Amino acid sequence: MKHRKPEMIRGARANVPVAASAMAYGSVLGVLAAQKGLSWLDMMYMNSAVFAGAAQFVMVDMWSNHMPIFEMTLAVLVINLRYLLIGASLDPLFSGRGLLHKMGMMHLVADENWAVTMSEQRNGSATTWFLFGGGVFLYLAWSSGTLIGLLGGGFITRPEDYALDFAFTAVFTALAVGLWRGKGDVLPGVVAGAAALLAHKFLPGKWYIVAGGLAGAVSAMLGPCEIEEAEEVEDVPSY
Amino acid sequence: MFPAIKPQVLVAVGLAACVTYSLRLGGLLLASRFPRSGRFRRGMDALPGALLFSLVLPSIVAEGVWGLMAAALTAIVVLRTRNTLAAMLCGMLVIFAVRKMGL
């Protein structure tokens, strides 16, 4: 396809803000990994094969001379369960694409380039190559960050001092604002927010993202709808 | 010296990778079997926003009142300028200043 390269570059450009913070966080992971005795090859193997920030932090934390393989796999499954929903939400973007295309593109989908792509799609100008270009760029930034941390002791050891932990929150907030479609989003938004806050308080790990996303989607499914409402009310049995 | 990857590392990271990739691809492939109209479609359309909102809200709330202010400023800046980077930096600046001053 002719637009492949410009689309990838556009995707990479759009991911510069998130990639910068991913790199800073990667360097923190690298420092932790060095303490656990990971080699640069272990690190790059993990970056390339898993490519999921939060899961990698937990994996490095669980790393030991006798790897807890079962526990580690289970932890990664729970932390990354949100990718099931993230993958599902990409279905419209991939419509009409073949299985091989989907298989090739999905590995480099992280929270960051997914969010950037969703926001871009609201403007009607996202493509799968835009998503992929962002993923490649993010992979390079994340990998160099982790290696800098691992081999050089990290250029930023306390990212909180520079509010870098809030960088993700801020950029995802900005992208979420871009996804706002209007009054119809109030109900799913409130339900998702409430579910996320509750799950964040009472459940471990990243369950809150799954809980909030599902609750929001289900409430939109069950809630009232301006256009389709008329025909669907008839489904309700009357007594 | 070229380091070697231990077999147990190969397996542990390999399994983590399989799980993660299966979730990513599985979500996409499952979604293409879902109905594309009616209630289900509405739910799927609301999913990206609901996911993203759920992702950020607890970290905003964790920062307290200033977190809410920073998020509000971020939202205003992105609505006014359509510039994600500028909006992100404004939000970070609030949190940076608050932490520096120990508020």
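The numbers here are math on the coordinates, done by the rules we state, and not lab data. Worth saying up front: this structure is predicted, and the values here are computed from it rather than measured. A quick note on method: Cβ atoms are made from the backbone with ideal geometry, for glycine too, and the neighbour counts reach across all protein chains shown.
Couple of notes before you dig in:
- Globularity ratio of region A:4-180, using Cα Rg and 2.2 N^0.38 Å: 1.04
- Residue-wise HN-Hα coupling along region B:66-75, computed from phi with Karplus coefficients 6.51, -1.76, 1.60 (Hz; x: Gly, Pro): 5, x, 5, 4, 4, 5, 4, 4, 4, 5
- With R₀ fixed at 25 Å, the C-beta to C-beta distance from residue A:99 to residue A:125 puts the FRET efficiency at about 0.50.
- Highest-MSF residue in chain A out of A:33, A:88, A:52 [GNM, Cα springs under 10 Å]: A:88
- Separation of the residue B:36 and residue A:5 label points, Cα + 7 Å toward Cβ, nm: 3.3
- The simple Förster model, with R0 at 51 Å and r as the Cβ-Cβ distance, assigns residue B:65 and residue A:62 a FRET efficiency of 0.90.
- Estimated vicinal HN-Hα couplings, Hz - region A:130-143 in sequence order (Karplus 6.51, -1.76, 1.60; Gly, Pro = x): 4, 4, 5, x, x, x, 4, 5, 5, 4, 5, 5, 4, 5
- GNM top mover of B:74, B:84, B:20 - chain B, alpha-carbon springs below 10 Å: B:20
- In sequence order, calculated HN-Hα J values of region A:159-169 (Karplus, 6.51, -1.76, 1.60; Hz; x Gly/Pro): x, 4, 4, 10, 6, 5, 5, 7, 4, 4, 4
- For peptide A:15-26, the mean count of partner chain Cβ atoms within 10 Å of a residue's Cβ comes to 1.
- Flagged links, alpha-carbon separation over 31 Å, of A:36/A:206; A:36/A:102; A:5/A:206; A:102/A:201; A:5/A:36: A:36/A:102; A:5/A:206; A:102/A:201; A:5/A:36
- Average Cα contact separation per residue, chain A, under 8 Å, 6 or more apart, as relative contact order %: 33
- Rh by Kirkwood over Cα pairs, then Stokes-Einstein D for the protein assembly as shown at 0.692 mPa s and 37 °C, µm²/s: 158
- Long-range amide H partners of residue A:126 with built H, under 5 Å: A:121
- Cβ-Cβ FRET estimate between residue B:83 and residue A:136, R0 fixed at 25 Å, reported to 0.05: 0.60
- Net charge, residue A:17 excluded, C-beta distance under 14 Å - Lys, Arg +1, Asp, Glu -1: -1
- With both labels modelled 7 Å from their Cα along Cα-to-Cβ, the residue A:71 to residue B:76 distance reads 4.8 nm.
- Across peptide A:128-140, the average count of Cβ atoms from other chains found within 10 Å of a residue's Cβ is 0.
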